[in-house]
Ligand SMILES: Nc1nc2c(ncn2[C@@H]2O[C@H](COP(=O)(O)OP(=O)(O)OP(=O)(O)O)[C@@H](O)[C@H]2O)c(=O)[nH]1
């Protein structure tokens, strides 16, 4: 450990051009800090862009390449092997006297929680798009998360070197799909293979990467003012785009509009770049518009202006609303998979801490109850945010919590020998604290440990991590879909339980009605009369009995949804234990749910497949066999984009099949659309199959 510490310190201190004191290196002024997330659809080029940022800022000496599996941010072994990003890697670097803490977020839908976890502590975000595809499905989800946390954003239209890159199409998709207002700050020079750089519309400068030397990797570029000798087409395009930019910013920012009308009414074009930049910053922070930049990370063009834009337009931590008062026993500054320990850190920085026993992802840590209360008061006067779990709930309004989506897949997991069971439990506990979207439970009937996750890949990765990080070879049972159950009609029933245990008689009777309701959750209510008469401990025992019957439905033992239960009467003999009252109510509920006719609900996913036209018919044919419903087929250059809904149960192993039927020429993403009732034919087939399984 001390070797790593030493070498990273040396690294930090020698790479920056102007060597600063250790204190400024580790604790820069808060106004110079940018805590930025980088988000995108899979394959848009986040990792490549991040690598370029690290390289140009001097923190890496060689360019990593996702295709060769040697990038800094994709540090988990599985990420390198699969070429995808799973855990949000944090990297810290300096750019023109600013400290940038950058969090790379995963693009795969199985890992949305990772993204949300990262977004809530960030002050700004960069959305990277493939400029030939515009806004794609996964970006919508992440964008909504950024919106929820009021995170100001910048868009980077990457892959401008592709022949199919399309600036106007990308801008339009930002407008239509993200419902955001793009503020175009650059226009590309050349297209496809001849894309050489951009015109910066604020300064009217032409930035070109001539790349005469391959050694340089785009580190140097030319910046020259657009002169009259310029290619007339480019000059005209730049003039038009600049005038449109000035007009648009004036529309979005009153202060800038006033400046134009008072000082530059004769010639709007003469407005200084600095004033325009300040106005774009206000527009970005107020989330009225989103600056848009262009480039090609792979071809080393346009990344330095993106870094400039991050420092110019995105907020410092003190310009955002959440307050942290933090004190930790051990603090570490992350540099991908290496860390350097530091003695203290000022507000606004991002650090790692180790050895926490009780904290789970999503918790907010404060130094004392008093500071938590103070933060809660501030948050309330600011309009309030989320609540903290556990025993501090009464005072803990500090940061909004993360939303944990319901897992849709599950499977059993077994250690190689019973002697390893305790080690496996420990590994699962640690993994769950890190990743709340992973749920672990024990099946009450079989005693087996069950893993519940967000998708096939998610469960696969967890399995792999248990092997690699905890050294336990586990066996996974077949992957199963998390169905739900509901009822079709109203039913009323009564039940009595009368049992003598030892010399104590327990007797209780209950009379209740269940009926279907539209919403996803389950309810329990009492008649008005009963509500007044019932003893609090009896009421609690009845509620427990109803809730436990909702956990396992009568059809297949899946959780029950969309049922409301009304208790008409309860009678309890003196001396009866609350557990017996709960047992009586549960048994009565089971009868009522059976009488009310069971209906299985299955998770249905919305699926987006991008595929070359020549393979469209095979993809459609395959979807038809999966009970898929095609909603829309859009054209995007030479590709077709297929939007469909498909039951999750039919999507096992889809990535492999899709790769085979399209010879690797398709990408897909999917997310939970809704739980839908199965038709009687499919339901009875499922029930038959499951009874064979059980
Ligand atoms: N033509 C072109 N290809 C690029 C560019 N940037 C990235 N790529 C390629 O696009 C693919 C995906 O790039 P990544 O950087 O891994 O994308 P990502 O968004 O990090 O992907 P995930 O980690 O899976 O979410 C790789 O094959 C890159 O080489 C670019 O500017 N132009």
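The values are calculated or read from the model by the stated rules, or taken from the named source; none is laboratory data. Source: prediction; values computed, not measured. Please note: Cβ atoms are built from the backbone with ideal geometry, for glycine as well, and neighbour counts cover all protein chains shown.
Some values worked out for this structure:
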{"read-out": "Some residue of region 156-165 being assigned by the TED database to the domain that holds residue 38 and more than 13 Å from the ligand (Cβ to nearest atom)", "value": "no"}
{"read-out": "Complete set of residues in region 631-649 that are in a strand (DSSP E or B) and either in the same structural domain as residue 133 (by the TED database) or more than 22 Å from residue 682 (Cβ to Cβ) (or both)", "value": "632, 633, 634, 635, 636, 639, 640, 641, 642, 643"}
{"read-out": "Flag if residue 140 is over 15 Å from residue 610 (Cβ atoms) and more than 14 Å from the ligand (Cβ to nearest atom)", "value": "no"}
{"read-out": "Number of the condition not met by residue 551 [criteria: (1) in contact with a helix residue (DSSP H, G or I) (Cβ under 7 Å, 6 or more places away or on another chain); (2) not assigned by the TED database to the domain that holds residue 642]", "value": "(1)"}
{"read-out": "Tally, over region 442-454, of residues that are touching a strand residue (DSSP E or B) at 6+ places or on another chain (Cβ under 6 Å) and either buried (at least 17 other Cβ atoms within 10 Å of the Cβ) or at pLDDT 85 or above (or both)", "value": "5"}
{"read-out": "Near pairs, Cβ below 8 angstrom, 6+ apart or cross-chain, from region 41-61 (in the same structural domain as residue 92 (by the TED database)) to any residue that is part of a helix (DSSP H, G or I) and near the ligand (Cβ under 7 Å from one of its atoms)", "value": "47/66; 48/66; 51/66"}
{"read-out": "In region 190-214, the residues that are in contact with a strand residue (DSSP E or B) (Cβ under 9 Å, 6 or more places away or on another chain) and within 15 Å of the ligand (Cβ to nearest atom)", "value": "190, 195, 196, 197, 198, 209, 211"}
{"read-out": "Test: residue in region 429-439 that is surrounded by 19 or more Cβ atoms within 10 Å (Cβ to Cβ) and in a strand (DSSP E or B)", "value": "no"}
{"read-out": "Criterion: within 24 Å of residue 135 (Cα to Cα) and either modelled with pLDDT of 90 or more or exposed (fewer than 15 other Cβ atoms within 10 Å of the Cβ) (or both) - qualifying residue of 658, 623", "value": "623"}
{"read-out": "Which numbered condition residue 579 misses (of (1) surrounded by fewer than 14 Cβ atoms within 10 Å (Cβ to Cβ); (2) more than 17 Å from residue 496 (Cβ to Cβ))", "value": "(2)"}
{"read-out": "Sole residue being under 21 Å from residue 290 (Cβ atoms), outside any helix (DSSP H, G or I) and in contact (Cβ under 8 Å) with a residue 12 or more places away in the chain, chosen from 187, 174", "value": "187"}
{"read-out": "Selection count, region 622-639, where residues are more than 29 Å from the chain's Cα centre (by Cα), in contact (Cβ under 8 Å) with a residue 40 or more places away in the chain and closer than 20 Å to residue 652 by Cβ", "value": "0"}
{"read-out": "Per-region count, region 310-336, residues in a loop (DSSP other than H, G, I, E, B) and either touching a strand residue (DSSP E or B) at 6+ places or on another chain (Cβ under 8 Å) or at pLDDT 80 or above (or both)", "value": "7"}
{"read-out": "Residues being crowded, with 17+ Cβ neighbours inside 10 Å and assigned to a loop (DSSP other than H, G, I, E, B) - total across region 263-298", "value": "5"}
